[in-house]
Structure formats: structure tokens, C-alpha cells
1. Out of all the residues in the stretch 146-171, which are touching a strand residue (DSSP E or B) at 6+ places or on another chain (Cβ under 7 Å) and of a type in the set (A, V, I, L, M, F, W, C)?
2. Of all residues in the stretch 196-214, which are under 15 Å from I181 (Cβ atoms) and surrounded by fewer than 18 Cβ atoms within 10 Å (Cβ to Cβ)?
3. Considering the stretch 73-103 alone, what residues qualify as being within 26 Å of A57 (Cβ to Cβ), among the β-branched types (V, I, T) and surrounded by fewer than 18 Cβ atoms within 10 Å (Cβ to Cβ)?
4. What residue, among those in the stretch 238-271 that are over 19 Å from L28 (Cβ atoms) and surrounded by fewer than 21 Cβ atoms within 10 Å (Cβ to Cβ), is farthest from the ligand (Cβ to nearest atom)?
5. As an exercise: evaluate A30 against (1) in contact (Cβ under 8 Å) with a residue 40 or more places away in the chain; (2) farther than 20 Å from A184 by Cα; (3) surrounded by 14 or more Cβ atoms within 10 Å (Cβ to Cβ) and give the number of the one condition it does not meet.
6. Residues that are within 21 Å of I6 (Cβ to Cβ), of a type in the set (A, V, I, L, M, F, W, C) and at pLDDT 95 or above: which helices (runs of 4 or more DSSP H) entirely in the stretch 148-263 hold 2 or more of them?
7. Tally the residues that are free of Cβ contacts under 8 Å to residues at least 40 places away in the same chain and either open to solvent by less than 60 Å² (accessible area, probe 1.4 Å) or charged (D, E, K, R) (or both), restricting the search to the stretch 154-193.
8. For the list (1) over 20 Å from I143 (Cα atoms); (2) modelled with pLDDT of 95 or more, I need the number of the one condition that F106 fails.
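The values are calculated or read from the model by the stated rules, or taken from the named source; none is laboratory data. Everything quoted here is computed from the prediction, not taken from an experiment. For neighbour counting, all protein chains shown are included, and Cβ atoms are generated from backbone atoms with ideal geometry for every residue, glycine included. Protein only, heavy atoms only, side chains kept; ligands, DNA and RNA dropped before computing areas. Shrake-Rupley method; radii C 1.70, N 1.55, O 1.52, S 1.80 Å.
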Amino acid sequence: MTRTPIVAGNWKMNKGTAQEATALINELKAALLESSGNGAEVVVCPPFTALAAAKQAIGASPIALGAQNVFWKASGAYTGQIAPQMLVDLGVSHVIIGHSEARGRFGVAEPDFTPDVLKQFGETDVTVNRKTRAALAAGLVPIVCIGETLTERQNGHTDVVVQTQVQGALEEIGSDDVTRIVFAYEPVWAIGTGEVCGADEADRVCGVVRAAVAALYEETAAQAVRVQYGGSMKPDNAPDLLTRPHIDGGLIGGASLKASDFAAIIRAAQS
Ligand code: 13P
């Protein structure tokens, strides 16, 4: 089964003004014009505040627009939340769900919480599942993030953590819908640290994700699901990661803020 690679830029809380987002997208469009190949889906995920401007800047180019979060209710007294349909209305097609910067382990802040290691937003496998189902129902492509902390890895719990997160995300999701989900394996210790997960190990864990899907659905569904790697992916390590059999693209933080670096990663996914 050939899966179309998907490379998504998670801008996090950066480039959130209309002017900044427009400039970065224009640079990206110019950088991608120089690229020879095609065949990878490209998504940019600016902050909510820049989605409308980003859509306008994207124009007719094939870049897709993603959001960084979504709530599962359609409307109501949920201060600060954004409903799936509100994103659809802005031209958003993808949404990141359950990023480790939004998750809390067991719904509470980790003991090593510091203001610059934000894990206090309390996202759990239950909320990730609700958001994933709501996103699917609205026709959005959920990019569901999973991954172990350093402590979990050191204790030998990587596979069980990832399996549990995949199972939790997929509760009550049918086999027709599961293939629309993109999983992003993002080892927490590799995010924003410059410490990339080795390509062999990243590929192995992306295979664990696929096997966890296969355990719940038929094998054809598991073969169709795309699994990205995320965590300090840069132009220099992307070719090794993106040519592995279980890695179907990347979720890129820091390097997606520089058009030339993001374009280089996209080219690595296309070759
Ligand atoms: P970095 O690429 O900056 O490590 O961030 C990865 C990430 O968290 C993408 O969601």
C-alpha cells in the first residue's frame, strides 16, 4: 500500500498576526515553486488568530490549512473554545489534537512542571477521543498526537504508552473513519530539544502505532492510516526519517517557521 506523505507545520504560538502569517506563507509558496517533485500533502497550522489571513495567503496553492486545537461541542457556554464547524467555515481542513504541550498525564500537571514545559492544559485520552470524533463528523482531518515522556521511555513503557493513547483516541470510531485520521508520533523528549529520535527507533514506534490500529480494525485500514514523526525534525535529519517504511511524513515545529527549512523537509518527503 502506498500512502501519500503528509508534512504539517505546527507553528505553535508563533506568527499569529495576519501580517506574519501572510509573509511566511508567501515565502513558503515561493520556496515550493522551486521544488521539482510533488506527491506530499502540505499543511500549515497557524494560531487561530491568523487562520483567516493564512487562508487568503494560501489562495489557489495546494497548501492545506490546519488549526492547532478544536472543542467537541457545536456551540454553547464554553468560553474560549472553538467548534469544528467554525474552523470549517474558515477553510480549515486539518486539526492537531492532543499535542503533548496540551496533554497532562492523567489530567494533572506533571511533577516536573515548569512554566516553559507546558503540560498543564489537561488534555487526556478521553478529551482527545471526543475532539477526534467531533473533527471527523465535521469533515476535518484530525492529526492526533501521541508519544511518551522521557521518564516513560527510561522505564521501558514507550510501546504501552503509545498503544494506550492510540486505543483511547479511537474509542467508538468506525473503520470507515479511522483511515482519515493521521497519527503523529511525537516523543515528548524530542520536541523542541534538538534531540531527534533515531530513525530506526522512530520507524519502529510508528510501526507500533500501525499495529495498534491493526489490533482494532482490519489490516487494510491499518495499512492506510498515515503516521507522522514529529520532534526536532530538520532538513538534515528529514531524509533519513522520511524514507522509512512506517513514517508517512512529519509534524514540524521550529523548522516550519523558516520557509526554506520547511520546504526542504517537504522535498525530502516527496523523493
Ligand atoms: P519541534 O519540531 O520544534 O521539535 O516541534 C515538534 C512538534 O511539537 C510539532 O508538533
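1. I146, V162, V166, A169
2. Initially, the stretch 196-214 is screened for residues under 15 Å from I181 (Cβ atoms), giving 206, 209-210, 212-214.
A214 - this is the single residue of the stretch 196-214 that is under 15 Å from I181 (Cβ atoms) and surrounded by fewer than 18 Cβ atoms within 10 Å (Cβ to Cβ).
3. Passing the criteria: only V88.
4. For the stretch 238-271, the residue satisfying everything is P245.
5. The one condition A30 does not meet is (3).
6. Working: elements: 150-154, 158-169, 175-178, 199-214, 219-224, 238-242.
Of the helices (runs of 4 or more DSSP H) lying wholly inside the stretch 148-263, those with at least 2 residues that are within 21 Å of I6 (Cβ to Cβ), of a type in the set (A, V, I, L, M, F, W, C) and at pLDDT 95 or above span 158-169, 199-214, 219-224, 238-242.
7. Our first condition is that a residue be free of Cβ contacts under 8 Å to residues at least 40 places away in the same chain; within the stretch 154-193, this holds for 154-157, 160-161, 164, 174, 176, 193.
Next, from what is left, pick out any that are either open to solvent by less than 60 Å² (accessible area, probe 1.4 Å) or charged (D, E, K, R) (or both): 161, 174, 176.
Total meeting the criteria: 3.
8. (2)
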